[in-house]
Amino acid sequence: MRFHLVDAFTDRPFSGNPAGVCLLPAGQWPQEAWMQRVAAEMRHSETAFALPLPGSDEADWAIRWFTPLVESKLCGHATLATAHVLRTERGLLGAVRFRSRGHGTLVTHAEAEGAITLDFPAALSTQVPIPTGLLAALGAEPEATFRSTALGDLLTVLPSEAAVRTLTPDLEAVAALTRREDLRAVIVTAPAAAPGLGYDFVSRFFAPARGIDEDPVTGSAHTVLAPYWSARLGRDRLTGLQASARTGLVRTALHGDRVHLAGEAVTVLDGTLHTAPSAMG
């Protein structure tokens, strides 16, 4: 079985966010335990498994995502990576429909080259009191916190880009807080330091309880970030910079209750999985 390693939300190898992509043969899903072991072996923040759906009117492929520890409800960069592999390996251009388990049909759109656009549901957030222990866990004082019920993320607004970039959180404390508050992750964000930098806001993403200490570039986080910053800045089209060590740019556009996320991707490795699932079902 072929396996691909793709850097997403970047046009350069060894930057952006690496994702594993496994295109499965038509039929049933492999055992969850096998997919989880593959994701744990790859040790990237997400590995996507895509199952073709011949004859389906609803979607072209089914997709699932796994971190090294758990199955994810939604993953942007691994979906982008999957669409990239389908373009480069299968020649699939234009719209490709993916059936997800928790978020309905997700659509990607790829031209012959360049950026791939994801059509995802926008995740609205509601302001909540700053959780007890968040200041100590982050080592910085938030201006405000917002909770996204769709994904279970805590959007944490800091006063400046510098505060986001220099953050050194206590990851054990972040993990404990996210477990206690039933959160997927803590997203920290702030406006760009100045106009003309090529991006409008910055962010970072921490999910240590899910096996992701810091995710390099998180597409799904931008389904929360885009509505927040579009409302705050008064513009439907924005660019976010995820200020991790690898960095990456995500171009966002609001379309009603949907958000379009656009970015490039680069294949870094193609290989063969020699350990096949022992059973199907």
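Just need the relative contact order of the stretch 156-264 here, percent rounded to a whole number, with Cα pairs under 8 Å and 6+ apart.
Working: 202 pairs, mean separation 23.5, N = 109.
About 22 percent, as a whole number.
Hey, if you drop one equal point scatterer on each alpha-carbon of the stretch 121-210 and run the Debye formula without solvent, what base-10 log of I(q)/I(0) do you get at q = 0.14, 0.15, 0.17 Å⁻¹?
Summing over Cα pairs of the stretch 121-210 leads to -0.46, -0.53, -0.68.
How high is the relative contact order of the chain, in percent, with contacts defined as C-alpha pairs under 8 Å that are six or more residues apart? Show your work: numbers first, answer last.
Working: 719 pairs, mean separation 63.7, N = 281.
For the chain, the relative contact order is 23 percent.
Separation of the stretch 226-281 and the stretch 77-152 by C-alpha centroid, Å?
Comparing the Cα centres of the stretch 226-281 and the stretch 77-152, I get a distance of 6 Å.
Determine the sum of side-chain charges near Ala262: Lys and Arg each +1, Asp and Glu each -1, restricted to other residues whose C-beta is under 15 angstrom from that of Ala262.
Values: positive: Arg87, Arg237, Arg251, Arg258; negative: Asp11, Glu111, Glu113, Asp119, Asp200, Asp236, Glu264.
So the surrounding residues net to -3.
With a ≥ b ≥ c the root eigenvalues of the C-alpha gyration tensor of the stretch 125-269, is it rounded (a/c under 1.5), prolate (a/b larger than b/c) or oblate? Present the calculation step by step, with values, prior to reporting the outcome.
Values: a/c = 1.45, a/b = 1.31, b/c = 1.10.
Verdict is rounded for the stretch 125-269.
Per residue, how much accessible surface does the chain expose to a 1.4 Å probe? Answer in Å², no decimals. Could you put the intermediate results ahead of the total?
Values: 11840 Å² over 281 residues.
Roughly 42 Å² per residue, with all protein chains present.
Most mobile of Ser100, Ser125, Ser56 per a Gaussian network model of the chain (Cα springs, under 10 Å)?
Between Ser100, Ser125, Ser56, it is Ser56 that shows the largest mean-square fluctuation.
Where in the chain is the longest stretch that carries no GluC sites (Glu not before Pro) classed as loop by DSSP and with at most 13 other Cβ atoms within 10 Å?
Values: sites that count: Glu58, Glu111, Glu113, Glu143.
It runs 144-281.
Could you work out how far helix 32-42 tilts from the main Cα principal axis of the chain, as a 0 to 90 degree angle to the nearest 10?
70
Once the stretch 218-269 is represented by equal point scatterers at the alpha-carbon sites, with solvent omitted, what log10 I(q)/I(0) does the Debye formula produce at q = 0.20, 0.23, 0.29 Å⁻¹?
Results for the stretch 218-269 at q = 0.20, 0.23, 0.29 Å⁻¹ read -0.67, -0.84, -1.18.
Using a 7 Å offset from the Cα along the Cα-to-Cβ direction at both Ala40 and Ala26, what is the distance between the two label points in nm, to one decimal?
In this crude label model, Ala40 to Ala26 measures out at 3.3 nm.
Select from Leu135, Leu197, Leu124 the residue whose mean-square fluctuation is largest in a Gaussian network model of the chain (Cα-Cα springs shorter than 10 Å).
Between Leu135, Leu197, Leu124, it is Leu197 that shows the largest mean-square fluctuation.
Output the 0 to 90 degree angle, nearest 10, between the alpha-carbon long axis of helix 76-90 and the longest principal axis computed from the alpha carbons of the chain.
That helix lies at roughly 30 degrees to the long axis.
Taking square-rooted eigenvalues a ≥ b ≥ c of the alpha carbon gyration tensor, is the stretch 1-89 rounded, prolate or oblate, where a/c under 1.5 means rounded and, failing that, a/b exceeding b/c means prolate?
Numbers: a/c = 1.84, a/b = 1.22, b/c = 1.51.
It is oblate, given that a/c is not under 1.5 and a/b is not larger than b/c.
From the backbone phi of the stretch 47-63, what are the Karplus-calculated ³J(HN,Hα) couplings (6.51 cos²θ - 1.76 cosθ + 1.60, θ = phi - 60°) in whole Hz, Gly and Pro given as x?
Running phi through 6.51 cos²θ - 1.76 cosθ + 1.60 with θ = phi - 60° gives 10, 9, 10, 10, 10, x, 10, x, x, 7, 7, 7, 7, 8, 9, 9, 9 Hz.
In whole percent, how big is the carbon plus sulfur part of the accessible area of the chain, probe 1.4 Å, protein atoms only?
On the way: 6090 of 11840 Å².
Reported share for carbon and sulfur atoms: 51 percent.
Relative contact order of the stretch 115-195: what whole-number percent is it, with Cα pairs under 8 angstrom and at least 6 residues apart? Don't skip to the answer; put the middle values down first.
Details: 125 pairs, mean separation 24.0, N = 81.
It rounds to 30 percent for the stretch 115-195.
Which three extents, in angstrom, do the Cα atoms of the stretch 47-135 have along their principal axes, listed largest first?
For the stretch 47-135, the Cα extents along the three principal axes come out at 50, 26, 26 Å.
How large is the translational diffusion coefficient of the chain in µm² per second when you combine the Kirkwood radius over alpha carbon pairs with Stokes-Einstein at 10 °C and 1.306 mPa s? Could the numbers behind the result be given before it?
On the way: Rh = 18.9 Å.
Rounded to a whole number, D works out at 84 µm²/s.
The values are calculated or read from the model by the stated rules, or taken from the named source; none is laboratory data. For clarity, every value in this text was computed on a predicted model and none was experimentally measured. Every residue, glycine as well, gets a Cβ built from its backbone with ideal geometry; the counts of neighbours run over all protein chains shown. For the accessible areas, the whole protein counts, side chains as well, though only heavy atoms, and no ligand, DNA or RNA atoms are used. Shrake-Rupley method; radii C 1.70, N 1.55, O 1.52, S 1.80 Å.
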